[in-house]
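All of the numbers you see were taken from the coordinates with simple rules; none came from a lab. Note that the structure is a prediction, hence the values are computed from the model and not measured. Note: ideal-geometry Cβ built from the backbone for every residue, glycine included; neighbour counts use all protein chains shown.
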Amino acid sequence: MTNVLLAGESWVTVQFEIKGRNVMRDSQYGEAADRFIETLESVGAEVTYQPCHVAAESFPRTTDALDEYDLVILSDVGADTLQITDRVAGGDTDVDRCALLADWVRDGGALGMVGGYMSFAGKGGQARYGHTPVADVLPVEIAAGDDRVETPDGSVPRNEGVSNADLPDEWPHVLGYNRTTAKPDAEVWATVRDDPFLAVGDFGDGSSFAYATDCAPHWAPDGLLSWNGLPTLWERVLDRVC
């Protein structure tokens, strides 16, 4: 059993409706981790899920807390959520959870990052992981500024040699991804439009992966989420990094 901590994949939408001099406000909470969790559980993982607001408060703050997991996955949750804690926002010092996570990987832990508007560099560069120690233990170089590639016409990932898996040369299309550059020692298992789509690597005694697209719409359409090769792909990823 692989114990996985998944952080991210949630949001709050705030709406304003203006009618003349009157303004009505409404909000809605959403999560998009369910199908990813189902896929991971189908290949033997036990997943602890922390939506963004929960991760802000409860993401591990010590090595002992991280050691409860075999793998930590960050998915569409920006570095600010991990670094700007309530103590820091109030003007006090606090643990840098990005630095803690990077050190944990070097000591034998496993880290994964899944794409999205708040992954890697993210929309407008707001995810900001390229300016944190997390960047040092990912198998890809994070771009400066906005790294999103929107492909509304569909872009097809290509299998470059997924370890110990019989997967086709081409996979179901995606509608966007985060553009990164593979580090020299990275194993690039798949590409999309000549950019890394799935890369893995070793750092110190640990390992990590970078998956460039989302685990939910809109970047990941149903054709990918329902693809019968997806569980095999994630099983191979877990086997490699854990």
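Here the chain is assigned +1 on the Cβ of each Lys and Arg and -1 on the Cβ of each Asp and Glu. Its dipole about the Cα centre then comes out at about 840 debye. Estimated translational diffusion coefficient (Stokes-Einstein, Kirkwood radius over Cα pairs, 20 °C, 1.002 mPa s) of the chain: 117 µm² per second.
Distance between the pseudo-spin-label points of E150 and R21 (7 Å out from Cα toward the beta carbon): 3.8 nm.
Springs between Cα atoms under 10 Å define the GNM used for the chain, and in it the highest mean-square fluctuation of D107, D214, D64 occurs at D64.
Sort V174, V47 so the one with the fewest other Cβ atoms within 10 Å of its own Cβ comes first. Don't jump to the answer; show the numbers that get you there.
On the way: V174 25, V47 19.
Ranked by crowding around the Cβ, least crowded first: V47, V174.
Under a 5 Å amide H cut-off, with hydrogens placed 1.01 Å from N, A127 pairs with G122 among residues at least 5 apart or on other chains.
May I ask you to sort V241, V14, V156 by Cβ crowding, counting other Cβ atoms within 10 Å and putting the fewest first? Could you put the intermediate results ahead of the total?
Working: V241 22, V14 8, V156 15.
By the 10 Å Cβ count, ascending, the order reads V14, V156, V241.
Note on D205 and E68: their simple-model spin labels are 2.2 nm apart, each label 7 Å out from Cα toward Cβ.
Counting other Cβ atoms within 10 Å, keep those with at most 10, restrict to DSSP loop, and tell me which GluC sites (Glu not before Pro) in the range 30-116 are left. Numbers along the way, then the final one.
Values: sites: E31, E38, E41, E46, E57, E68; in loops: E68.
Counting only loop positions with at most 10 other Cβ atoms within 10 Å, the GluC sites (Glu not before Pro) in the range 30-116 are E68.
Using the count of nearby Cβ atoms within 10 Å as a rough guide to exposure, how do L82, L230 rank from fewest to most? Walk me through the intermediate numbers first.
Numbers: L82 25, L230 21.
Lowest count first: L230, L82.
Percent antiparallel among DSSP beta bridges with both residues in the range 2-241, to the nearest 5? Don't skip to the answer; put the middle values down first.
Details: 31 of 51 bridges.
The antiparallel proportion sits near 60 percent.
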